[in-house]
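Written below as structure tokens is the structure these notes are about.
The values are calculated or read from the model by the stated rules, or taken from the named source; none is laboratory data. In this text, all values refer to a predicted model and were calculated from it rather than measured experimentally. Counting neighbours? That spans all protein chains shown, and the Cβs are built from the backbone with ideal geometry, glycine included. SASA here: full protein model, heavy atoms, side chains in, ligands and nucleic acids out. Shrake-Rupley method; radii C 1.70, N 1.55, O 1.52, S 1.80 Å.
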Amino acid sequence: MVRKLTYICLAGLVLSGLTGCHSKDLEPKLDYLLTLDSSNTYLAGDPVVFNLEGEVDNIVFYSGEEGEQYDLRYRTEVPVDQVEGATLTLNLQGSYGFGGGLDIYVTTGFPGLLGNDGDADRATIKELETKMDQDGNIEGWTKLEFNDLNTSATGWNWELHDYDLSGHIENMCLAFHWHPRWTNNNAQRTYRVKGSLKVILPDAEDTEMDLSNFEFTPITMNECFEPYRVNEKTDPSIKFNDSSAPLLFKGCTATAMDEGIDAWVFTTPMTLNIVEPDKGTVLKNLQNGLRSFSHTYDTPGTYKATAICSSYSFLGSKTETKKFVINILEK
């Protein structure tokens, strides 16, 4: 037992001595020089060259352009009052039956449907419909008008419409009310809806979301159907991401039902001031060497470029931020 303890103590002393003698050599080092090349012209369209001397393990570069700003690397949203615009574009087609069977609404005051309690969601819709007037307007909602062309002998036209949603940045929710007119002699109308939502943001790339990427919740009010009837093979049915359109309200023949279809589709409420954090470009890592790199600015202006330089060892890491103000002139 005495020998074992003595051995451990001696080994500890040896290791301690080695660590004390060589820890400085094993620590990560930032021994480099990153500079702008003296031959740069700083004209739009010409590459701006950076030269690297010394050793560094990793370089992440932010050009300072829109979407690549170092100061915005942690930003996930912009103030609502700074959103520069939001436009919903819808492409709509009605076919068969009578026009006037689809109403579209937008609001910021709806929490959305539960999606898993049909009785509760139907009760929510019944309460909502108590606020609807004879023209289909709902208190607290904006009705989006469009031209529902009647069936023609030559086919059915798509109608393209843009809607300004600048006043619906917070908690935006869309609702589609499908209620085609039904008689014993006429089919219940089918509708196809395509579209996208574009949000214009300051100091960031504009975001654009296709209708196929929206989260939808259907609710069918007809008691003969289960509440969340969707993507059924038999008509009528609401279909998501059908081959003909992201949102398809598939009607039925005059004899398929003995009542008119009454169904809704709601989008999950969303905030439109969300942005992706600005990202840098990895120019150098442990697997590749680097003595110079370049970046081309196509637009004249003043850019705050930033290089994040890091080195590593098993004792840790060191990071340094190198910033450059680059004035680009028109060529």
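Results for (1) more than 30 Å from T41 (Cα to Cα); (2) out of contact with any Pro (no Cβ under 6 Å at 6 or more places or on another chain), shown as yes or no for each residue.
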residue	(1), (2)
F225	yes, yes
A254	yes, yes
W264	yes, yes
D278	no, yes
S294	no, no
T302	no, yes
A305	no, yes
I308	no, yes
E330	no, no
Top-ranked residue in segment 287-331 [being of a type in the set (F, W, Y) and within 24 Å of D203 (Cβ to Cβ); ranked as least open to solvent (accessible area, probe 1.4 Å)]: Y297
Take segment 155-179 and flag every residue that is loosely packed, with under 15 Cβ neighbours inside 10 Å and in a strand (DSSP E or B). G155, W158, E159, L160, D162, D164
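With segment 255-327 as the region, which strands (runs of 3 or more DSSP E) entirely inside it contain at least 1 residues that are out of contact with any Asp or Glu (no Cβ under 8 Å at 6 or more places or on another chain) and on the phi > 0 side of the Ramachandran plot?
Passing ranges, in order: 301-313.
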Among the hydroxyl-bearing types (S, T, Y) and buried (at least 19 other Cβ atoms within 10 Å of the Cβ): is that true of Y42 in this structure? no
I'd like the full set of residues that are touching a Lys or Arg at 6+ places or on another chain (Cβ under 8 Å), surrounded by fewer than 19 Cβ atoms within 10 Å (Cβ to Cβ) and at pLDDT below 90, limited to segment 68-99. S95, Y96, F98, G99
Provide a single number: the residues in segment 69-95 that are more than 17 Å from the chain's Cα centre (by Cα) and assigned to a loop (DSSP other than H, G, I, E, B). 1
Options Y228, Y191; residue that is under 29 Å from the mean Cα position of the chain (by Cα), of a type in the set (F, W, Y) and in a loop (DSSP other than H, G, I, E, B): Y228
Filter segment 100-120 down to the residues that are closer than 15 Å to P218 by Cα, under 22 Å from the mean Cα position of the chain (by Cα) and open to solvent by 50 Å² or more (accessible area, probe 1.4 Å) and list them by number. P111
Which residues, counting only those in segment 194-223, are part of a strand (DSSP E or B), under 12 Å from the mean Cα position of the chain (by Cα) and of a type outside the set (S, T, Y)? L197, K198, V199, E208, M209, D210
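Of all the residues that make up segment 180-218, how many are over 30 Å from Y70 (Cβ atoms), open to solvent by less than 60 Å² (accessible area, probe 1.4 Å) and either touching a Gly at 6+ places or on another chain (Cβ under 6 Å) or among the hydroxyl-bearing types (S, T, Y) (or both)?
12
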